[in-house]
Amino acid sequence: MELKVNLVQSQRLFLTPRMEQSLRILQLSGMELRQLIEEELANNPLLELEEADEEEFQAHIEYGGKGLIHQARGSDESDPYRLQDRLETKFLGGQEEEKLYNFRESLVTQAITLQQRLLDQLRLETDSEPILKIGEFLVGNIDDSGYLQISLEEVAKSLSVPIPKVKKTLSLIQSLEPAGIGARDLKESLLLQLKRRKRENSITVEIVKEHLEDLGKKHYKKIAKSLNISLEKVKRAGAEIGNLELRPGSSLSPGKKIPFPIPDVIIKKGNGSYQSILNHQYLPRIRINFFYQNLLKKQNLSSSTYSYLRKKLGNASWLIKNLQRRETTLKTIMAQIIEVQADFLEKGASYLKPLTLKEIAKTVKRNPSTVSRAIRNKWVQTPFGSFELKRFFNGNIKRNHQEPCLPADRLLTSQGIKTRIKCLIGNEKKKSPLSDEDILKRLKTQGIDIARRTIAKYRRQLKILPSYLRKE
């Protein structure tokens, strides 16, 4: 067998390390980006940290985050090596080494406790200082199981406020998530959860109020006789109660802390319109180290030192440019999302319009894969809470005419369908609740084509019981 060597010419596309870095930075979440910058600071002497002052931070908020790129001191206006973040980041101490140490120490996974979550929700519900003061005191006395461990009289006496005001504040706290929170005992917690499910007038509520102890002992016949109902209804009510949370705060107890998603983008309203502000509060401000940059201009450097500094300067420059590209891309995409989802920002989740990656990509003149990378792992803070950015991108279902509980668009998002299902179940007859098949038929008569298994999935996501458990 004869061996031959042939020369073949072909074209292949390869990504350079700098292009790969650009794509990677685009899809990183804020906390992941923070870690990457920290690693670069540790490995590249041409990068250094810079402090932000309070005046800069306030100016950033006042002017809606304009002026991201700030030129380095003593540099030409075209100098690409300075990146100024939008929000205040302070590093304690006067030495760069100490700043870097403190920055590393701050890189811990943030977790949110039950009390922190309740306070965050409470501040979204009211801006009344008296109510917030009482609310913070009450929340501080809610244990990790979600129960209030202080009497209303003690609260009123400690804060020198009338009891009716304490009751009003507690009612507000009990309307927060998770359902059943802020109760003073198990019975009140179960009743709060049933109320959240619109079951106030059910047999289940009667059993909780009058026969909770009997239910725990499985004295079903005694309950049935007392309430003059069938044994089957008692057992169904027992199954419903069994699906409620006995310790509503346990999912967020200290032993079960969950990562708290820090928003990458904050949507705020100013001057009559919504605008997006990139949340760089937790990111370091970085710039080129001018000492080493000027060192490159000296003639007496060895070739190895010159090559090393030159390489690190290039890496630092590209890192800052890629951070700027990430910021520009996110701003462009968010501006278009805000324009499309203006009704959602004003009126709530039912008004979330269908939106696809392809539609946004076409409008902002980017590839859909670029848009996909940009929204990956990102969270956005809106007037209605924090959501994953991908939530704004929904499939759609056509319908023929407007129905109650929904906006008048001809296309519905999955969130809109959930709202419709919740509305139908909320208006059903309690003695003959709607099955998933019944809901399917009603939606089809309204021009909404959807599979029964999808309805079942949405109902479970809404934490609504099946029809046989809702029947009274």
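On the given criteria, is N294 in contact with a helix residue (DSSP H, G or I) (Cβ under 8 Å, 6 or more places away or on another chain) and part of a helix (DSSP H, G or I)? Answer is no for this residue.
Within region 157-187, the set of residues being of a type in the set (K, R), closer than 23 Å to V208 by Cα and assigned to a helix (DSSP H, G or I) comprises K167, K187. Looking at the structure I just gave you, is G385 within 17 Å of D264 (Cα to Cα) and either modelled with pLDDT under 80 or out of contact with any helix residue (DSSP H, G or I) (no Cβ under 8 Å at 6 or more places or on another chain) (or both)? So G385 fits the description; yes. Restricting the first member to region 285-303 and to residues that are in the same structural domain as L313 (by TED's automatic domain parsing), and the second to residues that are basic (K, R) and part of a helix (DSSP H, G or I), no beta-carbon pair is closer than 6 Å while six or more apart or on different chains. Please specify each residue of region 269-316 satisfying the condition of being under 32 Å from the mean Cα position of the chain (by Cα) and more than 30 Å from F344 (Cβ to Cβ). Correct list: P284, R285, I286, R287, A316. Within region 179-196, residues that are of a type in the set (K, R) reach partners that are at pLDDT 90 or above and assigned to a strand (DSSP E or B) with beta carbons closer than 7 Å, at six or more positions or on different chains, in the pairs R184/Y147; R184/L148. Pairing residues of region 154-178 that are on the phi < 0 side of the Ramachandran plot and without any contact (Cβ under 8 Å) to a residue 60 or more places away in the chain with residues that are of a type in the set (S, T, N, Q) and assigned to a helix (DSSP H, G or I), at Cβ distances under 8 Å and at least 6 apart in sequence or on separate chains, gives L176/Q121. Where the second residue is among the aromatic types (F, W, Y) and the first is more than 20 Å from S29 (Cα to Cα) and lies in region 308-327, which pairs have Cβ atoms under 9 Å and are six or more apart or on separate chains? From region 308-327, the pairs are L309/Y292; K312/Y292; L313/Y81; L313/Y292; A316/Y81; S317/Y81.
Residue selection: S467 fails the criterion of being over 20 Å from N243 (Cα atoms) and either touching a residue at least 12 places away in the same chain (Cβ under 8 Å) or more than 32 Å from the chain's Cα centre (by Cα) (or both). Filtered by the rule that a residue be under 26 Å from the mean Cα position of the chain (by Cα), assigned to a helix (DSSP H, G or I) and small (G, A, S), region 109-156 gives G135, G140. Here G348, G314 are screened, and the one residue that is assigned by TED's automatic domain parsing to the domain that holds L33 and within 30 Å of I421 (Cβ to Cβ) is G348. Give me a count of the residues in region 160-175 that are more than 25 Å from the chain's Cα centre (by Cα), of a type in the set (A, V, I, L, M) and under 24 Å from K198 (Cβ atoms). Number satisfying all stated conditions: 1. Count of region 449-464 residues, restricted to those that are closer than 20 Å to N243 by Cα, assigned to a loop (DSSP other than H, G, I, E, B) and of a type outside the set (D, E, K, R), is 2.
Determine whether S226 is modelled with pLDDT under 85 and in a helix (DSSP H, G or I). No: the conditions fail for S226. Inclusion of E200 among residues that are on the phi < 0 side of the Ramachandran plot and not in a loop (DSSP other than H, G, I, E, B) is not warranted. Per the listing R373, R366, the residue uniquely part of a helix (DSSP H, G or I), in contact (Cβ under 8 Å) with a residue 24 or more places away in the chain and within 23 Å of L33 (Cα to Cα) is R373.
The values are calculated or read from the model by the stated rules, or taken from the named source; none is laboratory data. These figures come from a predicted structure and were not determined experimentally. Please note: Cβ atoms are built from the backbone with ideal geometry, for glycine as well, and neighbour counts cover all protein chains shown.
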